[in-house]
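A short write-up of the structure that comes next.
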Amino acid sequence: MGSNDYAIEQKPLSELIAEQLRARIWDKDMAFGERLLETDLAEEYDVSRSTIREALKILEAEELVVSQARKGTYVADFTGEDFNEMIELRTLLETTAFKKALPKLDKEHMAALEKIINEMKQKAAEKDWHALFDLDTAFHSYIVHLCGNSRIVKIYQSLQVQIRTFLMHLDKYYSSHQSFYEEHKDLYEAIATKDEKKVQEKVRTHIEYVEENLLDGNYN
């Protein structure tokens, strides 16, 4: 590894802490609406308050935390309307992106997707929701990046953190880790057919599956 490679791999401390805080929110170690105190976090991570402030600004740009004048910084509190908008936007973006990506999917791409599905099977057996949601994000993102529309890709990338935050609530609406894996296996098999209508319908039902349960059961 050259010195330049080493330099590229280095991340500012604020980014590393932002990653840890993001993971804690996704693991539900930090609750929606919870206040985040710079002083406490600086002491916990043994860094300066300015470093914590920079980390929180990264999360604020991702809309994972919100800052309120004279009130402080809080983990974002997502509403039913937020989730409804996310489902609608994901459906619009992904049905289009998957359709455009289909002709470009070759054996190498399908092998990469199959590898993700196999990893999902393993994590389902281990009952690891966090890993399953990370793999879900990787699966969908992989296909979107092959769609050939740079603007769709850019919009999707900007939504990645919010999509992953949305996913952390889905554990309540699948009967088991196995059913979550099987849902993705079915999606993979639909993609393998290269049948455009079948894939678009599967993507739509895959994303919207949780809408009724999520909104009717928890946010209405």
If Arg164 satisfies all but one of (1) modelled with pLDDT of 90 or more; (2) part of a helix (DSSP H, G or I); (3) open to solvent by less than 70 Å² (accessible area, probe 1.4 Å), what's the number of the condition it fails?
(1)
Considering only segment 32-56, how many residues are open to solvent by 90 Å² or more (accessible area, probe 1.4 Å) and farther than 25 Å from Trp129 by Cβ?
6
Give segment 55-97 a look and list any residue that's part of a helix (DSSP H, G or I) and touching a Lys or Arg at 6+ places or on another chain (Cβ under 9 Å), or say none.
Ile58, Leu59, Thr91, Glu94, Thr95
If I go through segment 24-51 residue by residue, how many of them are in a helix (DSSP H, G or I) and in contact (Cβ under 8 Å) with a residue 40 or more places away in the chain?
2
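Determine whether segment 16-31 contains at least one residue that is more than 30 Å from Ile207 (Cβ to Cβ), buried (at least 18 other Cβ atoms within 10 Å of the Cβ), modelled with pLDDT of 95 or more and not polar (S, T, N, Q).
Residues of segment 16-31 more than 30 Å from Ile207 (Cβ to Cβ): 16-17.
When the remaining residues are screened for being buried (at least 18 other Cβ atoms within 10 Å of the Cβ), the result is 17.
Next, from what is left, pick out any that are modelled with pLDDT of 95 or more: 17.
Filter again for not polar (S, T, N, Q), leaving 17.
Scanning segment 16-31, I find at least one residue that is more than 30 Å from Ile207 (Cβ to Cβ), buried (at least 18 other Cβ atoms within 10 Å of the Cβ), modelled with pLDDT of 95 or more and not polar (S, T, N, Q), so the answer is yes.
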For segment 74-96, check the following and say yes or no: at least one residue is at pLDDT below 90, surrounded by 14 or more Cβ atoms within 10 Å (Cβ to Cβ) and β-branched (Val, Ile, Thr).
yes
Condition test on Asn118, is it within 30 Å of Arg35 (Cα to Cα) and not in a loop (DSSP other than H, G, I, E, B)?
no
Residue count, segment 121-142, condition over 14 Å from the mean Cα position of the chain (by Cα) and part of a helix (DSSP H, G or I), comes to 5
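Residues checked against (1) closer than 26 Å to Lys104 by Cβ; (2) part of a helix (DSSP H, G or I); (3) modelled with pLDDT of 85 or more:
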{"position": "Phe180", "(1), (2), (3)": "no, yes, yes"}
{"position": "His184", "(1), (2), (3)": "yes, yes, yes"}
{"position": "Leu187", "(1), (2), (3)": "yes, yes, yes"}
{"position": "Ala190", "(1), (2), (3)": "yes, yes, yes"}
{"position": "Gln200", "(1), (2), (3)": "yes, yes, yes"}
{"position": "Arg204", "(1), (2), (3)": "yes, yes, yes"}
{"position": "Ile207", "(1), (2), (3)": "yes, yes, no"}
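The values are calculated or read from the model by the stated rules, or taken from the named source; none is laboratory data. Note that this is a predicted model, so its numbers are computed, not measured. So basically every Cβ, Gly included, is an ideal-geometry build from the backbone, and we count neighbours across all protein chains shown. When the accessible area is computed, the model is the full protein with side chains, heavy atoms only, and any ligands, DNA or RNA have been set aside. Shrake-Rupley method; radii C 1.70, N 1.55, O 1.52, S 1.80 Å.
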